[in-house]
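Input: a single structure, listed below in structure tokens.
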Amino acid sequence: MPKYWFVALSLLLSLNLFAQRPAFNADSAYANLKYLSETIGPRAMGTRGEAEALKWFATRLARYGADTTYVMPFYRTPREDNISSGNALGIFPGQSDTMVVIGGHIDSDDPENPGASDNASGTACVLELARIWGKTPHRYTLVFVAFGGEEAGLVGSSFFADNFAEMERVALMFSIDMAGSEEPLIPFIDVSTHQSPIWLVADAYGVDAALGFNSLDYPTHFFSINAPAEGAGSDHMPFLKKGIPAIDFTTGVNGDPIHTHQDRIAFVSKPMLARSGLLVDSLLAHYDRSGIPAETTGNYLLWDELGMPFFIPGGLLKWLVIIMLAIGIVILMQAFKMRDPEKEGGNRHFSGLKLVMMALLVALAMQFGEMAMQAVRGLRYPWLAPLELYVNLSRLGALLGLWASLMLTGTFALRKDYFPFARNAIVTLVIYTILFSLVSFRLGLYPAVTLLLISVALGANNPWMRLICALGSVLPFNALVFHEMTPLIWRSLFQAGFNFDTPGKEALISLILTLLLALFWWPLLNGLVAIIRREPLSSPLITRLRSPLVGVVLGVVFAGYWGVLSQTPAVNDKWQPTVRVIANYRLPEQKAWIRVAGNEYLHDVSLRSEGFSRDYEGSVLSDSIAVDFRPDWLHITGSETPIEGDSIVAVNWRIISQRPWYQVALTLKPAGGAITSVASDWGYRFNGEAFRSVWTGNPRDTLEVVARFGVKPGTHLIREVTAAYLTLPVPVEVRAPMAGVSQRTSIVITDTLDVKGASQ
């Protein structure tokens, strides 16, 4: 019996003990969520909203009985960034000095996004857990934390892990990041070098089952890609990296409109708040009663089926990959011995080039449905709302392209000998396996399994075995391309659509995607051709797969599915594009204009203001409108003084704003001569040529910039100050019924500082 069933049984038998503790109240958690996402609103790192939320969180912890509450401030200055943020925490002493940390990040990703799901929902659950555990005697000292700056790269939790005075006493950490979706709960358990200990993951599955949720679902394929690079993650990771058992529970990654203006409380499920809260609550109770095991980390591949976790040891993965490589090499050697010399000579018919063309055909077929929909409907992202349906369309396209490639194996004059194709497939997959394994053996397992299946198909005598292995060889590739979090990746590309605002950039992205897909299909097609050439048409099933009837059926299914999708709305109340309206003003030219841009075409978008009126339809991504405004918001004063033999310029500047700003950037570039060194107390980036310093998150109205620059003789410095505001200088009525609207102002002051006197 798996360990987690013992946990489930133990929990069920001890529910009477848990009853002594107040129940997790979803209404209370929902009220916390509402206050954070609506009363306070957006809470981007360093903004007044984040600061207010941190203070409110600490105040609530004090009300719930925390012995110590405070905001742990930190000032982030890596590279050029200068941002004030913090972590709010409360300590609830237990019978033991050993600590358990329960946390979630309180910041949202953007100063205009309310961040209800990501992550007011998780923070709301943490607060509710603090309320009920503050009224309950407990074994361990509990530390409840709201981390700042998670969206900027786990800044707050990393600072906490490095600077919390009692860090050596922390024995366990729980993170809740997004708790209000009806999607399964994802246990985040990976960093690049190891995983959470097996006991923690097994207990989570057991408790989840005992509570009747059976909601945990670990996306193995996604994390095989994500874990080595530590891409998507949460605030448990800095703890896990330090060897502290830690786990994060996240939901709604694919289905919630996170990192958009639509991340509102309307799309948060109150019952699901209780699911996440009860899971962590019950795990806390379990360890409070049974103690925290000694093992701190694990090394394994987690695979769950039907709610049951299976742990494949990391060392076994390594040997599996090596064995599969060995099998592939053995089959290649056998194929070399069995090659037919009579079929090797003569015209080679450019078989390799033709298979490259076939791989490109399959890659293009996977994208054909989307491209046709874009052309017919006049949309860049027709899949935004019904994304999962378009994933199926791409799969159908792959099948259609694969059938066409099989047909071409009979039409193209390919070589008759199967060895060259077997060699191409096996050698390519061996290379892929080695390269992927250099990243991680877990990732190397995918091409290794494909290698094994193609090798078995080439070596098997049973036609059914050949067919099953040949068809199965596509599955590892499919698992990587269409992994469990494909919607998250695609919608992230949609959010980045502002960066792909020209046909050339879009074509480049499509070309890169096509080439990557073709690289995957190249060894698969070589393997399939080798299998067919191994015993030509020996299996009537392969013959039938290549028949025109199969192509007709696939074509009809594809066309019918495409037709249904063509009538499916691309946007809805949850998933919408963004329209940016940015007023730009440059000094000393006194040039002013308004730029309107969308990550989707500006369908049914209109702008009205004094002096101009615009209505947009068709394939318009952006427009610039000359406008006469002169916002007197930004000023620069101060001086530059040559010192130390005229090779150093000391600056003392004041950058002053008449209105609250969101961000300001200072850049210095040499025009003639060079900057040789920089000294400043501010965070900055200096690449040997240009200096740049950025203040983000509602900087104070006056910034004192004191710095020293080493300069070469004859140097002129071009100074540029760019300030960003979250308002427009003139009233603009924007109509965009199915899009969110972002309004900002950018003011740029550029001047040239003549410091050559310092060198004369």
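Quick notes
- LEU513, sole failed condition from (1) over 20 Å from LEU364 (Cα atoms); (2) surrounded by fewer than 21 Cβ atoms within 10 Å (Cβ to Cβ); (3) hydrophobic (A, V, I, L, M, F, W, C): (1)
- Which listed residue, of ARG700, ARG692, is among the charged types (D, E, K, R), outside any strand (DSSP E or B) and within 35 Å of the chain's Cα centre (by Cα): ARG700
- The residue that is surrounded by the most Cβ atoms within 10 Å (Cβ to Cβ), counting only those in region 618-650 that are modelled with pLDDT under 95 and of a type in the set (Val, Ile, Thr), is VAL649.
- Any hit, region 238-261, residues being at pLDDT below 95, of a type in the set (A, V, I, L, M, F, W, C) and either in a loop (DSSP other than H, G, I, E, B) or in contact with a strand residue (DSSP E or B) (Cβ under 9 Å, 6 or more places away or on another chain) (or both): no
- Applying the criterion of being in a strand (DSSP E or B) and closer than 22 Å to PRO137 by Cβ to the residues of region 78-102, the residue that is farthest from the chain's Cα centre (by Cα) is PHE92.
- Checked against (1) surrounded by fewer than 16 Cβ atoms within 10 Å (Cβ to Cβ); (2) in contact with a strand residue (DSSP E or B) (Cβ under 6 Å, 6 or more places away or on another chain), GLY611 passes all but a single condition, namely (2).
- Complete set of residues in region 171-199 that are in contact (Cβ under 8 Å) with a residue 60 or more places away in the chain, outside any strand (DSSP E or B) and hydrophobic (A, V, I, L, M, F, W, C): MET178, ALA179, ILE189, ILE198, TRP199
- Residues in region 304-340 that are over 25 Å from GLU484 (Cα atoms) and touching a Phe, Trp or Tyr at 6+ places or on another chain (Cβ under 6 Å): ALA335, ARG339.
- Breaking point among (1) assigned to a strand (DSSP E or B); (2) under 16 Å from the mean Cα position of the chain (by Cα), for ASN226: (1)
- Residue selected from region 435-482 under the condition of a type in the set (S, T, N, Q) and in a helix (DSSP H, G or I), by the criterion nearest to GLY401 (Cα to Cα): ASN478
- Among residues of region 213-223, those that are in a loop (DSSP other than H, G, I, E, B) and of a type in the set (S, T, N, Q), counted: 2
- As a summary of the residue check, SER639 satisfies the conditions (1) touching a helix residue (DSSP H, G or I) at 6+ places or on another chain (Cβ under 6 Å); (2) on the phi < 0 side of the Ramachandran plot except for the one numbered (1).
- Elements of the type helices (runs of 4 or more DSSP H) sitting completely within region 1-45 and holding at least 2 residues that are modelled with pLDDT of 90 or more: these cover 26-34.
- Boolean, LEU429 is more than 30 Å from GLU230 (Cα to Cα), touching a residue at least 40 places away in the same chain (Cβ under 8 Å) and surrounded by 19 or more Cβ atoms within 10 Å (Cβ to Cβ): no
- Matching entry among PHE147, PHE188, PHE213, PHE160 (being among the aromatic types (Phe, Trp, Tyr), assigned by TED's automatic domain parsing to the domain that holds GLU230 and under 15 Å from ALA274 (Cα atoms)): PHE213
- Just one of the listed residues (ARG466, ARG544, ARG533) is surrounded by fewer than 18 Cβ atoms within 10 Å (Cβ to Cβ), within 30 Å of ASP417 (Cβ to Cβ) and more than 32 Å from the chain's Cα centre (by Cα), namely ARG544.
The values are calculated or read from the model by the stated rules, or taken from the named source; none is laboratory data. Values in this document were obtained by computation on a predicted structure and should not be read as measured data. Backbone-built Cβ (ideal geometry, glycine too); neighbour counts: all protein chains shown.
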